[in-house]
Every structure is written in structure tokens, then in C-alpha cells.
Amino acid sequence: MNIFGNFPAICRMIKIEHSVFALPFALAGAFMAVRGMPPWPVLFWLVVAMVGIRSFAMTFNRIADLRFDRLNPRTQKRPLVTGEIALSQAWAFVACSAALFILACAMLNSLCLAFAPLALGMSGIYSLLKRVTWLCHFGLGCVHALSPLAGWISVDPHFALTPFLFAWGVLFWLAGFDILYSCQDVDFDRNKGLHSVPADLGISRALSISAFCHVNTAIFFLMGGVLAGLSLGWYLVWALITGILLWEHTLVKADDLSRVNLAFFTLNGFVALAFLPGVILGL
């Protein structure tokens, strides 16, 4: 079996463009740990690890959600639904992605390798959370929150408070915009017995909770910068990120979800892309 057959379809299945939501935070964690440029071999294996874990998580999520994706009009063109990618091929890709992640962790250091099974487990479990709780968005946030921690321990295999503060910021950031994104599926989720903040609590409350999450993001990013001793460059970027998050919440209304995709991908893509240069400027 050629698991990489129809490579463009695989990229669409795992939404390769969404890698921007995790990779910059991992790289930033590595830069902060050494307060400068990490060794190139570490950066290489860190990127490989992030590619592996993200490919594993996204593909497992597509497999877990296949029966729902076949029924949801918004997701019926996904490659696993249309048959562009066979289910057996997807499972093989999951296994290879997990193996690639474990290999990369082993090449980094023993602490990364020790936590590799936990990271894989968390990445898989979040796909099942919406079957049981509206806290699923925070489960996804927890997975992405591992990024700055992973970057930090990839070059300094010891835990510190600084990456944890940024991890909390990432958790609330991701949960906040995932809540916005899930507003699109509120009717479908209710009909199929799936849980989300909008489906369980209503869109108006969901927008308020999302805004609360992003307030926390700004606070934790500010605290992380202070503890890390970052300079003015970081605070200028922090102000930009905070402004983008504020703008995001002016775009989505309870009675107008037409700009959810702009708020979800475009603006949050800018947040992620600005984060790494901000950290580098602040060092």
C-alpha cells in the first residue's frame, strides 16, 4: 500500500495550512529556552516531531469523525468521505505519523521521548470528547498547549514556569477560536447528540465564553513575557496580538456567522505567525 499516494489529498485531509496554529509556538519555546538560536539539529527534529504529531492527530480525528462527516454538508467533500483516501490508507498514515513522532522525540532527548506516549494519547482522545462534553474545545486547547512546552524541553530537558504560562495562553487561544468555529455546526451537533459550547449553551453564551478565553490568552502571554524577561519588541507584538483578538470578536455575531472563517483562520493565522517573531524580537 502506498500511503502517500494522492499526496495533495493527504495534505487536504490534515489541513496542512493549519500547521501555523502550533509550529510557531513550539519554535518560540525552543528560542526562549536558550535565549537565542537553538542548534539546527534540534530545530530539525522539533519540526519533524510537530509534523508527526499533528499529522497523527488530524488523521485520527478524520477517522473518528468519518460517520459524522458523511452526514454534515460542511464536511462532505473531505477526502476520506469522498473516497480519495481509503480508510486503510488513513490508518496506515496514522501509524507512520506516530512512528515519525516517536523517532523525532528519541532524537531530541530522553525527556521528550518519555512524554511522547502522553502527547499521542492526548492528541487522540480529544477527537472523542465532543461525544461526551462541551469542554471538548479545551481538550483541543490542551493538545496545542503542549507546543511551547515541547519546544522548551527539546533544548532544555527541564520544566520551567515560563513555558507553562505561554502554554495556558495557547490553551485559551485555541479553545476560544475553536468555539467560534463550532458555531457553524450548532444545528448539526444538536441533531446528532454531539456536544460543544454553542450546541449545549447557545451561540450567545458561546461568543461570551470565547471572548473570556481570549482575555485569558492576552493575560497569560503578558505574564509569560514578563517572567521570560522579554524586551519591548515582544510587548509591541503582544499589543498587536491582543488587538487582533479583540477585532476577531467584532466580526462574529449571534445572528451573523458569515465571517466565522475570517475570524477562525485568517486572523488567528496572523496571531500565530506574529508570536514567534515577537519572542525573537523580545530576547
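The values are calculated or read from the model by the stated rules, or taken from the named source; none is laboratory data. In this text the structure is predicted, and so the values were computed from the model without any measurement. FYI the Cβ positions are ideal-geometry reconstructions off the backbone, even for glycines, and counts take in every protein chain you see. Surface accessibility is based on the protein's heavy atoms, side chains included, excluding ligands, DNA and RNA. Shrake-Rupley method; radii C 1.70, N 1.55, O 1.52, S 1.80 Å.
For this structure, a couple of remarks:
- Tallying residues that are over 18 Å from Asn261 (Cα atoms) and crowded, with 22+ Cβ neighbours inside 10 Å within region 164-188 yields 6.
- Entirely in region 138-230, the helices (runs of 4 or more DSSP H) that have 3 or more residues that are among the β-branched types (Val, Ile, Thr): 161-182, 203-228
- Helices (runs of 4 or more DSSP H) lying entirely in region 1-86 (those with 1 or more residues that are open to solvent by less than 30 Å² (accessible area, probe 1.4 Å), over 28 Å from Asn191 (Cβ atoms) and not acidic (Asp, Glu)): 7-13, 23-34, 40-64
- Among the residues of region 223-245, those that are in contact with a helix residue (DSSP H, G or I) (Cβ under 6 Å, 6 or more places away or on another chain) and open to solvent by less than 40 Å² (accessible area, probe 1.4 Å) comprise Gly224, Gly225, Ala228, Leu230, Gly233, Trp234, Val237, Ile241, Ile244, Leu245.
- For region 49-77, residues that are at pLDDT below 90 and under 21 Å from the mean Cα position of the chain (by Cα) total 2.
- Residue-level check: of (1) under 19 Å from the mean Cα position of the chain (by Cα); (2) under 26 Å from Arg12 (Cα atoms); (3) surrounded by 20 or more Cβ atoms within 10 Å (Cβ to Cβ), Leu129 misses just (3).
- Residue-level check: of (1) more than 13 Å from Ile14 (Cα to Cα); (2) modelled with pLDDT under 95; (3) not small (Gly, Ala, Ser), Leu46 misses just (2).
- Output for region 114-145, where each listed residue is touching a residue at least 40 places away in the same chain (Cβ under 8 Å) and touching a Ser or Thr at 6+ places or on another chain (Cβ under 9 Å): Lys130, Trp134, Cys136, His137, Val143
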